[in-house]
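K.L.:
This is the structure, below, for whatever I ask next.
The values are calculated or read from the model by the stated rules, or taken from the named source; none is laboratory data. Just so we're clear, the structure is a prediction, and the values are computed from it rather than from any experiment. Quick reminder, even Gly has a Cβ in these numbers, built from the backbone with ideal geometry, and neighbours come from all protein chains shown.
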């Protein structure tokens with residue numbers, strides 16, 4: 001059985017027309033909730049233009065979340081590095097590495113929202129072209145080099161970091177991938193981890209999983225790097241869990257339709273062929289298309305196993321933190337994942353089940369013996385009492 005870590009991917013995408021202050025506080029509380037439940041990591045998005053993806057700076061959010069948590073690792077998911085001067089990206093992450101005492105990770109990508117890119121006079125093609133050159137500079141700075149170069153509109157002159165990372169030799173860096181091979185190619189050639197954001201968002205993304213890992217492996221060999229470790233590969237999917245399917249379906253009446261509409265209208269993903277009908281039809285679409293799993297823990301376990309089988313094995317499943325359900329039901333869903341889904345892929349559930357089975361077998365094997373012994377004890381005490389009465393004592 002594959003041993004998996006479990007984490008969260010928080011864009012976030014919150015309802016319009018509600019207090020952003022409330023939702024940001026909610027997201028910080030949610031990080032503490034994940035920490036208490038034992039989740040391994042959480043990745044925080046960067047977005048600037050929709051009014052719903054509320055976190056503009058994952059670094060600032062992580063600094064606040066780190067003070068509310070004790071063990072969960074926190075990553076930028078993803079820092080849109082073509083938007084930023086690479087010196088400042090590296091500098092801020094090193095500071096966060098010290099503040100969190102080694103719990104921080106840097107996720108990088110080209111930026112997912114066309115509306116974000118447009119506001120800085122850049123095209124999606126340009127941002128993707130700049131991704132590799134910015135990552136190269138960031139890695140050189142983190143390795144302690146003095147860098148003089150120009151990338152895009154950003155110039156560095158004898159640039160160096162004033163601090164070394166807290167983590168030796170450096171904190172983990174990961175690159176995003178959807179359906180195209182760009183992220184997988186960079187993961188291999190640059191020696192960084194891979195986060196497959198599009199693992200279940202489309203059939204193309206799902207079909208490409210094994211292909212992407214092959215690209216990462218081939219590019220690593222071409223660059224003279226060691227073969228990538230599947231334990232550093234993360235796949236993202238969508239789930240909502242309740243005690244029964246009926247309850248899960250009722251829960252997502254809250255926000256599933258709104259979330260899917262936002263995804264179709266704003267994200268840089270292929271348009272989804274959404275049914276124009278009831279919420280139940282949308283639920284069926286999510287479950288049947290493989291985009292996610294709405295139902296019981298059994299349904300979610302099948303979704304995760306499907307990802308394991310298709311990919312050939314990976315290290316961490318990241319569940320998208322969405323608002324399909326109201327906050328209380330949403331938090332309950334994450335609790336059920338921690339209690340009933342994660343143990344199945346981590347050995348703990350099997351161990352507990354086997355222990356219960358063994359104990360029951362021992363009890364059954366000794367039941368007849370115990371029954372005879374109990375009967376003998378009862379007969380002995382009855383006889384003893386009768387003798388006491390007969391003797392007048």
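K.L.:
Can you confirm whether residue 349 is in contact with a helix residue (DSSP H, G or I) (Cβ under 7 Å, 6 or more places away or on another chain) and either at pLDDT below 75 or not assigned by TED's automatic domain parsing to the domain that holds residue 194 (or both)? Break it down stepwise before answering.
P.N.:
Values: in contact with a helix residue (DSSP H, G or I) (Cβ under 7 Å, 6 or more places away or on another chain): yes; either at pLDDT below 75 or not assigned by TED's automatic domain parsing to the domain that holds residue 194 (or both): yes.
So residue 349 passes the test.
K.L.:
Can you tell me which residues in region 77-110 are within 19 Å of the chain's Cα centre (by Cα) and under 28 Å from residue 17 (Cβ atoms)?
P.N.:
77, 78, 80
K.L.:
I've got another one for you. Look through 97, 53, 91 and report the one residue that is in the same structural domain as residue 168 (by TED's automatic domain parsing), out of contact with any strand residue (DSSP E or B) (no Cβ under 9 Å at 6 or more places or on another chain) and buried (at least 21 other Cβ atoms within 10 Å of the Cβ). Don't jump to the end; show me each part of the working.
P.N.:
On the way: 97 fails: out of contact with any strand residue (DSSP E or B) (no Cβ under 9 Å at 6 or more places or on another chain); 91 fails: buried (at least 21 other Cβ atoms within 10 Å of the Cβ).
That would be 53, the only listed residue that is in the same structural domain as residue 168 (by TED's automatic domain parsing), out of contact with any strand residue (DSSP E or B) (no Cβ under 9 Å at 6 or more places or on another chain) and buried (at least 21 other Cβ atoms within 10 Å of the Cβ).
K.L.:
Which of the residues belonging to region 80-121 are touching a helix residue (DSSP H, G or I) at 6+ places or on another chain (Cβ under 6 Å) and part of a strand (DSSP E or B)?
P.N.:
Those that are touching a helix residue (DSSP H, G or I) at 6+ places or on another chain (Cβ under 6 Å) and part of a strand (DSSP E or B): 104, 106, 108.
K.L.:
Given the structure, is residue 339 exposed (fewer than 15 other Cβ atoms within 10 Å of the Cβ), closer than 23 Å to residue 41 by Cβ, under 15 Å from the mean Cα position of the chain (by Cα) and at pLDDT 95 or above? Write out each step before concluding.
P.N.:
Working: exposed (fewer than 15 other Cβ atoms within 10 Å of the Cβ): yes; closer than 23 Å to residue 41 by Cβ: yes; under 15 Å from the mean Cα position of the chain (by Cα): no; at pLDDT 95 or above: yes.
Taking the combined requirement at face value, the residue does not satisfy it.
K.L.:
Pick from region 67-78 the residues that are touching a helix residue (DSSP H, G or I) at 6+ places or on another chain (Cβ under 6 Å) and surrounded by 18 or more Cβ atoms within 10 Å (Cβ to Cβ): which of them is farthest from residue 24 (Cα to Cα)?
P.N.:
Result: 72.
K.L.:
Is there a residue in region 102-112 that is under 22 Å from residue 231 (Cα atoms), surrounded by fewer than 18 Cβ atoms within 10 Å (Cβ to Cβ) and modelled with pLDDT of 95 or more? Step through it out loud before you land on a result.
P.N.:
First, pick out the residues of region 102-112 that are under 22 Å from residue 231 (Cα atoms): 102-109.
Narrowing the set further to residues that are surrounded by fewer than 18 Cβ atoms within 10 Å (Cβ to Cβ) leaves 102.
In the following step, the residues that additionally are modelled with pLDDT of 95 or more were identified as 102.
Checking region 102-112: at least one residue is under 22 Å from residue 231 (Cα atoms), surrounded by fewer than 18 Cβ atoms within 10 Å (Cβ to Cβ) and modelled with pLDDT of 95 or more.
K.L.:
Specify which of the listed residues (243, 253) is in a loop (DSSP other than H, G, I, E, B) and either out of contact with any strand residue (DSSP E or B) (no Cβ under 6 Å at 6 or more places or on another chain) or outside the structural domain of residue 172 (by TED's automatic domain parsing) (or both). Break it down into steps so the answer makes sense when it comes.
P.N.:
On the way: 253 fails: in a loop (DSSP other than H, G, I, E, B).
Going through 243, 253 in turn, just one is in a loop (DSSP other than H, G, I, E, B) and either out of contact with any strand residue (DSSP E or B) (no Cβ under 6 Å at 6 or more places or on another chain) or outside the structural domain of residue 172 (by TED's automatic domain parsing) (or both): 243.
K.L.:
Any residue at all in region 3-19 that's assigned by TED's automatic domain parsing to the domain that holds residue 339 and assigned to a helix (DSSP H, G or I)?
P.N.:
no
K.L.:
Working carefully through the options 306, 261, find the one that is under 27 Å from residue 78 (Cβ atoms), within 17 Å of the chain's Cα centre (by Cα) and surrounded by fewer than 19 Cβ atoms within 10 Å (Cβ to Cβ).
P.N.:
Working: 261 fails: within 17 Å of the chain's Cα centre (by Cα).
The conditions single out 306.
K.L.:
If you don't mind, another one. For the list (1) at pLDDT 95 or above; (2) out of contact with any strand residue (DSSP E or B) (no Cβ under 6 Å at 6 or more places or on another chain), I need the number of the one condition that residue 207 fails.
P.N.:
Here residue 207 meets the rest and fails (1).
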